[in-house]
Structures are given as C-alpha cells and as structure tokens.
Amino acid sequence: MKRRVIRSIVLTVSIALIFSWIGPAQAAEKTPIVIGFIHSMSGAMSMYGISSEAGGKIAIDEINAAGGVLGRPLKMITRDDKLNPETGLREAKDLLLSEKADFLTGTISSAVALAISNYVKREKKLFIVNISQSSSLTEENWHRYIFRIDTNAVPYWGYAPAIALAKTWKAKKIISLGFDYETGKNSLKAFKEKYLQLVPDAKIIDELWAPLGTTDFTAYITKMANSGADAFFLACIYGGGELAFTKQAYAFGLYEKMKAIQPCAGDVETWYQVKKGESYPKGALATCRYPFWAIQDPKSKAFVEKHQKLVGFWPSYGAMNQYFIVYALKDAIEKVGAVDTEKIITALEGMTLNTFVGKVPIRAYDHQAMMPNWYGVMDFSPNLTFPHITKVDVIGEEGYHSVDKIKALRGGK
Amino acid sequence: MTKNFATKVFSIGFWLIVSAIFLLTLPLFLQASWVSLINEMLIMALAGTALNLMLGYGGMVSFGPAGLYAVGAYTTAILLTRYGLPFPLAVLAAPLAAAAVGLIVGWFCVRRSAVYFALLTLAFAQIIWTVIFEWYDFTGGDNGIVSIPIPELLYSITHVYYFSLAVVTVCLFLLWKIVHSPFGTTLQAIRENPMRAEFIAVHVRRYQLAVFVLSSFFLGVAGSLFCVFAGSVFPDYAHWVKSTDMLVVCLLGGIYHFAGPIVGSGVYILISKIISKNTTYWMFFLGIIVVILVLYMRNGLVGFAAEKLAQMKNRSEVKKNKDVP
C-alpha cells in the first residue's frame, strides 16, 4: 500500500518532468526575433509552402548577414498545417506559446488563415498572410491584427482580368465557364461588375457551371464553341482542372476559334512542367502574380537565382510575398525601435514597401498591400521552357476593391 | 478470488484518482500550448468513446461520425453567431441537434448491416459535409464561421481547458454507465450474434437505432466543445478524413476496452504532433505506426497492455501456487 503510493508519486512527478522538459527553449545570448511560418509543407500544395519558406529564408539570411534587426538575428520557424484548420490553429498556438514567436505568417488555405486570424485577434498578435486569397480575410472578417502582403481573390480572379480585357481586346460577347461553388460564382461576379463598367456594351451571353473537381470538360467545350461568343472566360478553374480543360480545349482547337481569358494561366505553378509542343492556353489573356522573366530589377534576378539554388525550382509568388513580408517586418521594427506588436501595426498601416517590383503601399483601412497584378498573352519565348505571359503589363491599386466598396461590404463599419 | 477482485477495483480507482489529480493540476506546471493540446486530446477522447459505443460495443462500423460531430459544432456556432443565443443554451442545443440528425440518419442506416451500414454512414456524413460546404448564407461554406462570440471567460486556455475537462468527465461517466447497464450488455450480445439476440426477443434494430442516437448525442457534445475551444468552425469537421481520424483513435487504443479511445486519442494526437514538428513526411511515419499496430497489437494499446498484464498476473499466480506445498 505504502509502496504503491510512493511509486505513484514518483511516476506522476516523472511524467510532469518529462512534459516540462519537452517544452522550453533556452534563452540564447542574443534572443532572435521569431517569425512563425505556417504553411502546407506536405501533400498536394506543398510546392507553395516550400517555395514560400525559401523566400522567407532568403530574406532572413540577407538581413542576418547584415547584422540583423536592432542587433538581434531573425529566425523563422516552419510548421506544416496539412491544409487543415485544426492543425493550423494548433501550430499557431504552439508557435506563439511555446516558441514565443513574435509574428505569424503564411498559409495557402483560406480556412487555415481564417482560423489563425481568429486566434491572433484574441491573442493580440500580428499575422501576415502571404498566399491565401479569400477576400473576406481583409474585408468582412478584418481586424487590427491581420495584414496581407499578397493579392486577393477580387483582383486576381475578377478585376484584373476585366481591366486587362478592357485594355486589350474589348470582347463584346463572352461566355463563361466556372466551378460551381462560391469562389467560382464570386469570381464571375467580380469580373462582370468591373468589365461591364469598363465596356458597357459587352454582354455575358451564357454562364456554364461545372461541378467542383470536374476533369472532363468536353461537353462544355462544344457548347462554348457553338455559342456564338467571341471570347470565353474561365471563372476560378485552376490547378488540375485547368490543366485538363486546357488539354481538351487545345485538342478541340478552341483557342483558334475564340479568344480566351484564363486568369490562372499566368502563374508558373500550374505550367512549369509543360514543354513546347504540348497543349497550353495558346494566346489566352492571363494574369500572373510574379512574372520574374519580365521584371528587370537585378534584385529580382538575384532572388530567382537564390531560390533556384535553395530548392531547385522557379519561385512562386508566395516566395516573393514572404520575402517582402520579412523585409516589411524589419522596416517596421526598425521604425518603432522595439518588437512591440501594437506599434508595429501602426507603423505598417500606410507604409510603402520598396520592393523589386516597385513601390507597394499597404492600405491602412484594410491592411491589404496593393500588390500589382500582371497580365499578358500566353506564349513561349526562347529563354524559358514553359508557357508564360508575354507582352506583360501591370495593374496596380485599380485592381482592388475600393475602400468605399469594402465599407459597404462590412455593413458601413 | 474476492481479494483479487478488490485489488483490481482498487487499482482502477487508484489510477482514476492519479489521473484526476494530474488533469486537474496540469495547467499549473505545463506550458499553455501543451494544455491546449491536452484539451484537444480530451475532446477527441470523447468523440472516440462516443464512436466506440457503436464500433466496439455495438459492432457497427460507422464511417460517418464526423458528420454528427460537425452538426454539434455548427449548431453551437450558428446559434451563437446568427441568433445570439445565451452561451449555455447554444452548447446544450448542440448534442440535441446532433441526436436529432442521428435519429434521421440512423433510421436509414440500421436497416442495413456490415458493409452497407458503413457505406450508408459515409454517404450521410458526406451529405452533411456538402450541405455545410455549399450553403453559404447559413453555414459560411468553405470559409467556415469565425469570430464566434464565446464568453470572454473562456478565452484563456486554462479556463477553456477546465470547461472541456468538466464536460468530458461528465460525458465519459455517462458513457461508462451506459456501457455497464443492461442496455450495454444487450448491445454486446447483439455485436456477438445479432441473430441469437433476436431469438431471445431483443429488438435488434431498435437497439441499434438507440445506440446510434446516443453516439450522435455525445459526438455532438464533442463537436460543440471543439467549437468553444477553437472559436471557429470549418466544413473540414464533417469531412471523411475527420471520421478516419476518429476511427484510428479507436483502433489505436483498442475498441474492446472502454479506455481504448481515450488512450488512443492521447497517443494519436501526441504522435501526429511530434512527427509533424520534426518532419514533413509525417504521413509516412504515421503509416508505419499504424501498420505495426495492426500487425502486432491487434487489440490496440489498451488491449495489448491488458493482455500482457493478465499474462504477468497468471505467471505470478502459477508461481505462488507452486510455492504452496
């Protein structure tokens, strides 16, 4: 009996010791400023995570080599969210509470971003989004502790393609094809809203909706070809769906029959494995979030090279955004002179980032960086192995929802 | 014989007290992120045990517990956000809503057995997922519901932990009572041989429906707790991947022991946490662990431990008997 009691006490104490031993990190001589990075590091979307991580690493190495921030080194801790909001939230808590992260960054999944956003709002810590596109993050669900240094779904899927089309072909009769879910519907809504305002005599003659995850588009393609429209618009058909659609449309000869507006097609991520001679969105008007081949600043060229060396493939826009985020934090910390979340937020509000893609203001009202959207016509060129946008032009702040529009969306708040 | 029985009870009671003291005091010496992790384990333990009521005791393999879990979570979330109901009501409504949905789903599912039952549960869970995913105006679709107005008292990790601990303890106690009641025994009889059970005038289908509803009720509690814990809900809660998480938790711990899913939950969440902290190939390692468990510990961790303990006890008893001249 006695022995049993003693044994149990020893056991309980040792369990407690084990637990407390797992956690704490020893304080170093110069405590680093910790940037937590939560992204999809495994599975289908891991390429974005790995690329974004590399972007952040490049910035941190550069800054640390030059003496750090306020004499302290920067440190980034990466966690995998597995595209799951529960896991993302768990990692966010762990980063803030046990790793004592000063800031959180990252995420591709909007659900994960929303979950973390909701958490940092309670904890009063800063979270900067580098990929998630859901506009609600900075519109309906905005709060003081969230920033986004990235485009969002409004310019990317809707406004930028509309402006691009109005600046180039001004197609009059358009047929649309989209994935049948909220983001798809919103994309078309945003596109229509902007385009019909810019080209009032244009018409969307038909809207086709394919179930989310469709890979056989042949029926839709025939319908589009026979619709009498002079252009088609893809509303939020991306990734594998877009590859499949393009293959089938290319084989059908749809790109010869009519003009194409394919918003997603400009990003490298979907197309970098496609070679000359294979099917691609030939001559389509497309938007792009980091056309590094068209950006002349030598810093961008150096960034691409470093990224290649680090992970062995082309940088995604996520890498560029993460690079800018780290520099934005550095500038804000130096301006404030301390790692003080509230003051840093005030410093970031209205700050203009001086980047290798030009000056990017962070709008104070919704904490959205006015990242440019590029557009161009899909083609091959001698220097690159994959199809990409050519005749590149850029759209800036006009691609985003205006402050008044967001005010209305937030119900006048 | 009586003494053996007494020591056994004593040791169970003793362990309960030790773990109670541990659970009650752990926010004092553990880091907040670990407390939060243990909170997740508690909620998962409740969900697992609720599923195990069907799986282990009823012998009904359900692939859809996540659907009912999500009904619980969304009920609390929607009642708080859209209708501004008082917090206790919103939490209490969750298990009732889950049980009501469970009644409808179960009514169809218990009409088929084995594989067909499993497929039906999966189908219904996917229907629930689709409804949540597509019904933007009501459920927020793939954006989920965030900024749920949880009382500020529960913002702190320690407070929400004690809240979960209290609710989970009460629910586990109720589940324990159910399992050890005549109802629970009948259930196990049905699991062992439904036809024989029917011969002794047990209305099998009615029992199965009852256990389905009960299980849904507790899954609803777990879902609601997670909603309170996270402050946000997402359609992923209803996804079949979440259901397999729950199934793995049950299998890992052992489905023929009440404590199985509880141990399983702790181990599973700890493993996935540690693995994903150190490597991005977590799926690979998790796979290996599952293979080892299935091959060498067929009755789960608790089953394995119980077996070994019994062997040890047997050996010592044999030895004792030998010593007696």
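Quick look at the values:
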| quantity | calculated |
| --- | --- |
| Some residue of region A:322-337 being touching a helix residue (DSSP H, G or I) at 6+ places or on another chain (Cβ under 6 Å) and not in a helix (DSSP H, G or I) | no |
| When residues of region B:275-300 are limited to those that are within 14 Å of chain A (Cβ to nearest Cβ) and among the hydroxyl-bearing types (Ser, Thr, Tyr), the one surrounded by the most Cβ atoms within 10 Å (Cβ to Cβ) | B:Ser276 |
| Helices (runs of 4 or more DSSP H) (entirely within region B:48-139) containing at least 1 residues that are within 17 Å of B:Val241 (Cβ to Cβ) | B:65-81, B:114-134 |
| Among (1) in contact (Cβ under 8 Å) with a residue 60 or more places away in the chain; (2) out of contact with any Leu (no Cβ under 6 Å at 6 or more places or on another chain); (3) under 30 Å from A:Leu409 (Cα atoms); (4) more than 11 Å from chain B (Cβ to nearest Cβ), the one test that A:Leu74 misses | (3) |
| Qualifying residue in region A:299-319 (condition: within 17 Å of A:His367 (Cβ to Cβ) and in contact with a strand residue (DSSP E or B) (Cβ under 9 Å, 6 or more places away or on another chain)) | no |
| Check on B:Phe234, within 14 Å of another protein chain (Cβ to nearest Cβ), in contact (Cβ under 8 Å) with a residue 40 or more places away in the chain and either over 21 Å from A:Arg90 (Cα atoms) or touching a Ser or Thr at 6+ places or on another chain (Cβ under 7 Å) (or both) | no |
| Residues satisfying the stated conditions in region B:125-143, i.e. under 17 Å from A:Val112 (Cβ atoms) and at pLDDT below 85 | B:Gly140, B:Gly141, B:Asp142, B:Asn143 |
| Residue count, region A:208-227 (criterion: surrounded by fewer than 16 Cβ atoms within 10 Å (Cβ to Cβ) and either closer than 21 Å to A:Ala166 by Cβ or in contact with an Asp or Glu (Cβ under 6 Å, 6 or more places away or on another chain) (or both)) | 1 |
| Residue list for region B:251-270, restricted to those being aliphatic (A, V, I, L, M), surrounded by 16 or more Cβ atoms within 10 Å (Cβ to Cβ) and part of a helix (DSSP H, G or I) | B:Leu251, B:Leu252, B:Ile262, B:Val263, B:Val267, B:Ile269 |
| Verdict on A:Tyr272 being over 28 Å from B:Thr130 (Cα atoms) and hydroxyl-bearing (Ser, Thr, Tyr) | yes |
| Filter result for the condition that a residue is among the aromatic types (Phe, Trp, Tyr), in contact with a helix residue (DSSP H, G or I) (Cβ under 8 Å, 6 or more places away or on another chain), touching a residue at least 40 places away in the same chain (Cβ under 8 Å) and away from chain A (no Cβ under 14 Å), over B:Trp129, B:Trp107 | B:Trp107 |
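Residues checked against (1) more than 14 Å from every other protein chain (Cβ to nearest Cβ); (2) buried (at least 24 other Cβ atoms within 10 Å of the Cβ); (3) not polar (S, T, N, Q):
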{"residue": "A:Trp142", "(1), (2), (3)": "no, no, yes"}
{"residue": "A:Ile146", "(1), (2), (3)": "no, yes, yes"}
{"residue": "A:Asn152", "(1), (2), (3)": "no, yes, no"}
{"residue": "A:Trp157", "(1), (2), (3)": "yes, yes, yes"}
{"residue": "A:Ala166", "(1), (2), (3)": "yes, no, yes"}
{"residue": "A:Lys172", "(1), (2), (3)": "yes, no, yes"}
{"residue": "A:Tyr181", "(1), (2), (3)": "no, no, yes"}
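The values are calculated or read from the model by the stated rules, or taken from the named source; none is laboratory data. This structure is a prediction, so every number in the text was calculated from the model and none was measured. Neighbour counts run over all protein chains shown; Cβ positions are idealised from the backbone, glycine included.
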